[in-house]
Amino acid sequence: MTKMKRYLHIVYITVAVLTMIFMPLFSRGKVFNVVDMEPEALLVEGEYIISPYDNIFRRVCRRHNIDWVLMSAIAHNESRFRADATSPRGAVGIMQVMPHIARNWDVTAEELLDPAINIDVACRLYKSMQRQLRMPKSVEQLDRIAFVVASYNCGASRVIDARNLAEYYDEPKFEWDVVSEYMLLLTDEEFFNHEAVTAGQFKEPHITIAYTNKVIKTYERFLSLPNVRD
């Protein structure tokens, strides 16, 4: 074997071994390719602005280009920042992610107990909701946030149905105050069977509306905290 062939053979073997080691970390959108593997120490009182998880929220949200203060507001309303929280419906962790949703990114229910992984999956879900809603850039920021937060709670299809009804009746379909009123109508057979509606009856729209408005208020309160944008 010549020196060149020997060199190429070594390179080939090295690449093959590295591929075997690292490919599983990047396959099918696994969250570990964006979340550091080493655990991060929680902040103690006096060190944090919103919660002991501030640094984790900052780090993970920065990777997804999502406002960490907004995601902290969602976490506050979802779990009061309890990483071990589990809801009666089976939602897990600080962002209350459903395990069947996490499986879209190959994340198990056990892994959701890791705050960084849980927040990462929540960010991915948030971005997914944004894409499904297809909002033009002209939509006001708080309306935009409200639509995505509502979708995070009940699914984008419910928000889109209410938006379609608003458009059908010639009302602004990108204003949360208007669309939330149409969301309430989705409990009525006349409206959930309407030609503009695809997801059928929405049994508890008042819960989603209250949740969304609470998150917005929490977000605005967090934004007023000293040094939150430093």
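The values are calculated or read from the model by the stated rules, or taken from the named source; none is laboratory data. Just so it is clear, the structure is predicted and the values come from calculations on it, not from any experiment. Don't worry about glycine lacking a Cβ; one is built from the backbone with ideal geometry, like all the others, and counts go over all protein chains shown.
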query = Would it be correct to say that R163 is surrounded by 20 or more Cβ atoms within 10 Å (Cβ to Cβ) and either without any contact (Cβ under 8 Å) to a residue 60 or more places away in the chain or not assigned by TED's automatic domain parsing to the domain that holds H100 (or both)?
reply = yes
request  = Would you check if there is a residue in the range 64-77 being closer than 30 Å to N164 by Cβ, of a type in the set (G, A, S) and touching a residue at least 60 places away in the same chain (Cβ under 8 Å)?
outcome  = yes
ask   = Restricting the range 150-162 to residues that are out of contact with any Leu (no Cβ under 8 Å at 6 or more places or on another chain) and assigned to a helix (DSSP H, G or I), which is nearest to V197 (Cα to Cα)?
value = S157
query = Given the residues A122, A102, A109, which is the only one that is closer than 16 Å to V215 by Cα and either at pLDDT 95 or above or not acidic (D, E) (or both)?
reply = A122
remark   = Of the listed residues (L142, L112, L125), the one being of a type in the set (A, V, I, L, M, F, W, C), in a helix (DSSP H, G or I) and surrounded by fewer than 18 Cβ atoms within 10 Å (Cβ to Cβ) is L142
key: Residue, nearest to the chain's Cα centre (by Cα), within the range 164-175, restricted to residues that are assigned to a helix (DSSP H, G or I) and over 18 Å from E204 (Cβ atoms)   = N164
task = Please determine, by comparing only the residues of the range 68-106 that are loosely packed, with under 15 Cβ neighbours inside 10 Å and part of a loop (DSSP other than H, G, I, E, B), which one is farthest from the chain's Cα centre (by Cα).
result = P88
query = Restricting attention to the range 176-230, and to residues there that are outside any helix (DSSP H, G or I), of a type in the set (V, I, T) and over 21 Å from the mean Cα position of the chain (by Cα), which single residue is surrounded by the fewest Cβ atoms within 10 Å (Cβ to Cβ)?
reply = T198
